[in-house]
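J.: Dropping a structure here in structure tokens format, bear with me for questions.
The values are calculated or read from the model by the stated rules, or taken from the named source; none is laboratory data. None of the values given here were measured: they were computed from a predicted structure. Every residue, glycine as well, gets a Cβ built from its backbone with ideal geometry; the counts of neighbours run over all protein chains shown. Ligands, DNA and RNA are stripped out before the accessible areas are found, and what is left, the full protein with its side chains, is counted by its heavy atoms. Shrake-Rupley method; radii C 1.70, N 1.55, O 1.52, S 1.80 Å.
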Amino acid sequence: MNQSVFKPNQTKTELAEQMLLAALDQGMMPDWVLGDSVYGESSHLRKHLEDRQQPYVLGITGKHYAWVGHVQKKARALAKELLKSAEWETLSSGAGTKGARLYQWCVIPINGCEPEGWQHSLLFRKPVASVDLDEVVIFRCCAPAHKSSLRGLVEASGQRWAIETCFEEAKDMLGMDQYEVRNWNSWYRHMTLVMLAQTFLALTRARHEKKQMILG
């Protein structure tokens, strides 16, 4: 990433938006853009992604407003209604260290200015059998209609776990967050070395696991 992307006193969302758009401008074509509510609450970021026809699943807060038909409602109010009336489906968002990460999910279409053939949706996730409103996690989604099924959105949202795991490993094992630098070049060098080390370790582990499977 070029240093010119960064400007003084930018928010986390503004920095992420510039980095993401720069990557898309360079030809990167991800299946999905994923993020938590820090990014999902940015209508500016969502608009940029929709203009580029880039599918996304972004977290939002319960205070987020969405139009459902002719009525505008808070996401938290919709979640409360769904806890009382909807049939939630139990699905895995991917494999974890202790097996499948099972949650209960529900999705509803919402209004939006999406491209033709696309769909705006709110995706709701909660622990299995829970009826606690505070445990409901909400995502705002925009994607082509054929990718906007409940199962498709659940699979997309689950891809964030791999990213979170990578960050956790990089911090715990490689000191990704243990630097004391004040300029961009020093920070960039540190991050690059950490990511190279993590890539080497991941490849080494994958080769070892493949060898064990062959021997087994």
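One line per residue, one yes/no per condition, for (1) open to solvent by 60 Å² or more (accessible area, probe 1.4 Å); (2) under 17 Å from the mean Cα position of the chain (by Cα); (3) in contact (Cβ under 8 Å) with a residue 60 or more places away in the chain:
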residue: Leu15; (1), (2), (3): no, yes, no
residue: Pro30; (1), (2), (3): no, yes, no
residue: Leu49; (1), (2), (3): no, yes, yes
residue: Gln54; (1), (2), (3): no, yes, no
residue: Val68; (1), (2), (3): no, no, no
residue: Ala79; (1), (2), (3): no, no, no
residue: Glu89; (1), (2), (3): yes, no, yes
residue: Ala95; (1), (2), (3): yes, yes, no
residue: Arg101; (1), (2), (3): no, yes, yes
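J.: Can you name the condition, by its number, that Glu135 falls short on among (1) open to solvent by 50 Å² or more (accessible area, probe 1.4 Å); (2) within 30 Å of Gln53 (Cβ to Cβ); (3) modelled with pLDDT of 95 or more?
T.: (2)
J.: Evaluate the following for Gly152: is it free of Cβ contacts under 8 Å to residues at least 60 places away in the same chain, surrounded by 13 or more Cβ atoms within 10 Å (Cβ to Cβ) and closer than 16 Å to Cys106 by Cα?
T.: yes
J.: Which condition breaks for Met173 when tested against (1) open to solvent by 90 Å² or more (accessible area, probe 1.4 Å); (2) in a loop (DSSP other than H, G, I, E, B)?
T.: (2)
J.: Which numbered condition in (1) buried (at least 20 other Cβ atoms within 10 Å of the Cβ); (2) in a strand (DSSP E or B) is the only one that Lys73 fails?
T.: (1)
J.: Within segment 105-139, how many residues are assigned to a strand (DSSP E or B) and within 17 Å of Glu81 (Cα to Cα)?
T.: Number satisfying all stated conditions: 15.
J.: Can you find a residue in segment 89-99 that is of a type in the set (D, E, K, R) and farther than 13 Å from Gly158 by Cα?
T.: yes
J.: Consider Thr61 carefully, then state whether it is surrounded by fewer than 18 Cβ atoms within 10 Å (Cβ to Cβ), among the hydroxyl-bearing types (Ser, Thr, Tyr) and at pLDDT 95 or above.
T.: yes
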